[in-house]
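Asks: Right, I'll just put the structure down here and ask away after.
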Amino acid sequence: MSEYVPAELRRLIRDRAGHRCEYCLIHQDDAFLPHEPDHIIAVKHRGETIEGNLAWTCYVCNRAKGSDLASIDQTTGEIVRLFNPRTDSWGDHLELIKDGSIEAKTAIGRVTVALLSLNRPELLAIRELLAKSSRKPR
Ligand SMILES: [Zn+2]
């Protein structure tokens, strides 16, 4: 969820992420709306506005995540926490497939792909276009 983040901290997390959404990997230059900081643990859950609790996200991923911390894994029915860009490695939980889709490798990956709709049609279209050009999604 987007809360006020000072400009200097905003620049730091943007640069740290290479200007890419830390969930869906879309580069800021390839998105229609500007990327923004996400409180991984939302302010309403007492998450702080500090470097270690912020991720750089596209507008759509940030809105889809909202203040959620977890979701229900459709495979097991269990409550599973979401992917945390500060403590998890993207490649440990998610995989970018040649067709532009993102596949989950773990339960954390599954709930994150589902809740944030990481394979939404517009993302698949953008990733397909990028794969055909010299600009790879990652
Ligand atoms: Zn995104």
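Asks: What pairs can you find where one residue is in region 95-124 and at positive phi, the other is part of a helix (DSSP H, G or I) and open to solvent by 20 Å² or more (accessible area, probe 1.4 Å), and their Cβ atoms are less than 9 Å apart, with a gap of 6+ or different chains?
Replies: G100/L124; G100/A125; G100/I126; G100/E128; G100/L129; G100/A131; S117/V60; S117/A64
Asks: In addition: Of all residues being assigned to a strand (DSSP E or B) and within 18 Å of the chain's Cα centre (by Cα) in region 76-92, which is surrounded by the fewest Cβ atoms within 10 Å (Cβ to Cβ)? Just the residue, please.
Replies: First pass over region 76-92, keeping only residues assigned to a strand (DSSP E or B): 79-81.
Filter again for within 18 Å of the chain's Cα centre (by Cα), leaving 80-81.
On the way: V80: 19, R81: 14.
That would be R81.
Asks: Taking region 51-75, which residues are part of a strand (DSSP E or B) and away from the ligand (no atom under 14 Å from the Cβ)?
Replies: Our first condition is that a residue be part of a strand (DSSP E or B); within region 51-75, this holds for 54-57, 70-72.
If the condition is that a residue be part of a strand (DSSP E or B) and away from the ligand (no atom under 14 Å from the Cβ), then L54, A70, S71, I72 are the ones that fit.
Asks: Checking R46 against (1) basic (K, R); (2) out of contact with any strand residue (DSSP E or B) (no Cβ under 7 Å at 6 or more places or on another chain); (3) within 13 Å of the ligand (Cβ to nearest atom): exactly one of these is not met. Which one?
Replies: Condition (3) is where R46 drops out.
Asks: Among the residues of region 1-32, what is the count of those that are assigned to a helix (DSSP H, G or I) and within 13 Å of the ligand (Cβ to nearest atom)? Explain how you work it out, then say what you get.
Replies: Narrowing region 1-32 to residues assigned to a helix (DSSP H, G or I): 7-16, 28-30.
Pick out the ones that are also within 13 Å of the ligand (Cβ to nearest atom) and you get 28, 30.
Number satisfying all stated conditions: 2.
Asks: While we're on this one: Looking at region 25-50, which of its residues are in contact with a Cys (Cβ under 7 Å, 6 or more places away or on another chain), modelled with pLDDT under 95 and of a type outside the set (V, I, T)?
Replies: At the first step, the residues of region 25-50 found to be in contact with a Cys (Cβ under 7 Å, 6 or more places away or on another chain) are 26, 31, 35.
Still in the running and modelled with pLDDT under 95: 26, 31.
A31, the sole residue that qualifies.
Asks: If I go through region 1-40 residue by residue, how many of them are hydrophobic (A, V, I, L, M, F, W, C), under 24 Å from S89 (Cβ atoms) and open to solvent by 70 Å² or more (accessible area, probe 1.4 Å)?
Replies: Final tally of qualifying residues: 2.
The values are calculated or read from the model by the stated rules, or taken from the named source; none is laboratory data. Quantities reported herein were computed from a predicted structural model and do not represent experimental measurements. A quick note on method: Cβ atoms are made from the backbone with ideal geometry, for glycine too, and the neighbour counts reach across all protein chains shown. For the accessible areas, the whole protein counts, side chains as well, though only heavy atoms, and no ligand, DNA or RNA atoms are used. Shrake-Rupley method; radii C 1.70, N 1.55, O 1.52, S 1.80 Å.
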